[in-house]
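Let me begin by presenting the structure, written as structure tokens, before commenting on it.
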Amino acid sequence: MHDFHLHLARLSNPESIADELNRRGYHYVDVGCEPWEWAKVRDLKRAEVNCTENRAEKNRAAYGIHPMIAEKVTEEDFATLRKFLESDTDAQVGEAGLDRRFPGYEPGGVQETVFRRQAELALELGRDLQIHCVGDYMRIVKVLREAGFKTSPHDNSTATVNAPRPVFHRFGGDISAVRAGIELGALFSLHADSFRKKSTAAAIPLIPADSVRFETDADESYSERLAGTGCAPTAIEIAEALIRDLGDVQRLYELAIKGA
């Protein structure tokens, strides 16, 4: 199994969870979307590589600046972000993007500036770009094109880190977003929420199968939800929940394709 977007550093007892996931053959992209997470994500990846020789081939890190903190980001943060990415040539950029729930969302605002800089960085370093969008997908596409992402032949089966791709994390767009994303060679990372909105559910069968990925987007709220009113969940309980939830997303996708 491969979880294309989770926040391991935000889960309780992440080192033990990483060990448990490794034991169960569950692999992932571990995303750090605020500066305080980056070192934790890096250190977790180092520990995983030391644990299993082929670990780096199956797990990746992602370092980025989420739109929720765009107004607080500094030039020092951007410089540090570059250092983390340059020190890990397998890492993705992000998550980065636009979110109408947070300050600076207006056209030309700080969210757009911060997103554009990360898109340009992904292109410069040849990295995939994990994209967060709560709002306007076509505005995201416009920024990507202006940053330099170009129409790309559809061949995601052989793409490498030297062929940067937009990754629509927790995809929630419609048919127009799918069509625009396909033109840019994008990957579409599906979450259980992707199937709840009618316009997104209708668009999912149009995505080429080799451009589809699955994710849990698990973060601190995931641990809290599992805990309920009881004790904090164990690493085994969290690992089992992740396996179950990612499997549910895959089954929702299979049903969507069959019903198309």
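Structure summary
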{"item": "Footprinting exposure proxy for Phe78, Phe171 (fewest neighbouring C-beta atoms within 10 Å first)", "result": "Phe78, Phe171"}
{"item": "Per-residue ³J(HN,Hα) for the stretch 79-94, Karplus 6.51 cos²θ - 1.76 cosθ + 1.60, θ = phi - 60°, Hz, x for Gly and Pro", "result": "5, 5, 4, 4, 4, 4, 5, 5, 7, 10, 5, 9, 7, 8, 9, x"}
{"item": "Which of His5, Tyr253, Gly109, positive extreme of dipole for the stretch 2-259 (C-beta unit charges)", "result": "Tyr253"}
{"item": "Least to most buried among Phe4, Phe168 (fewest other Cβ within 10 Å first)", "result": "Phe4, Phe168"}
{"item": "For the stretch 126-133, 3J(HN,Hα) per residue [Karplus equation, 6.51 cos²θ - 1.76 cosθ + 1.60, θ = phi - 60°, Hz, x = Gly/Pro]", "result": "x, 10, 5, 10, 6, 10, 9, 9"}
{"item": "19 Å Cα cut-off, lysine pairs counted over the chain (separation 8 or more, or different chains)", "result": "7"}
{"item": "Estimated [θ] at 222 nm from DSSP helical runs (n ≥ 4, -39500 (n - 2.57)) normalised by residues in the chain, nearest 500", "result": "-14000 deg cm²/dmol"}
{"item": "Quarter of the Cα convex hull surface for the stretch 2-259, i.e. its orientation-mean projected area (nm²)", "result": "13.4"}
{"item": "Karplus-derived 3J(HN,Hα), 6.51/-1.76/1.60, for each residue of the stretch 215-226, Hz, glycine and proline x", "result": "8, 9, 6, 5, 9, 4, 5, 5, 4, 5, 5, 5"}
{"item": "Cut-off under 5 Å, modelled amide H: who pairs with His2 long-range", "result": "His27"}
{"item": "Amide N proximity, the stretch 122-142 versus Glu183 label position 7 Å along Cα-to-Cβ, cut-off under 19 Å", "result": "136-142"}
{"item": "Potential extension, Arg24-Thr113 segment - 0.36 nm per residue separation minus Cα distance", "result": "28.0 nm"}
{"item": "Length added when fully stretched, Glu254-Asp219, from 0.36 nm per residue minus Cα-Cα", "result": "10.1 nm"}
{"item": "Residues Thr74, Thr200, Thr80, sorted so that the one with the fewest Cβ neighbours within 10 Å comes first", "result": "Thr74, Thr80, Thr200"}
{"item": "Additional length obtainable on full extension of the chain from Arg100 to Asp136, 0.36 nm per residue less Cα span", "result": "12.1 nm"}
{"item": "Relative contact order for the chain, counting Cα pairs under 8 Å that sit 6 or more residues apart, in percent", "result": "19"}
{"item": "Hull-based mean projected area of the stretch 108-153, where the convex hull spans the alpha carbons, in square nanometres", "result": "3.4"}
{"item": "Mean Cβ neighbour count within 10 Å, used as a protection proxy, ranking 61-67, 114-120 highest first", "result": "61-67, 114-120"}
{"item": "Inter-site label distance for Ser16 and Thr234 at 7 Å from Cα along Cβ, in nm", "result": "0.8"}
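Every number here is computed from the coordinates shown, using simple stated rules; none is lab data. Note that the coordinates shown come from a computational prediction; the quantities given were computed from them, not determined experimentally. All Cβ positions, glycine included, derive from the backbone under ideal geometry; neighbour counts span all protein chains shown.
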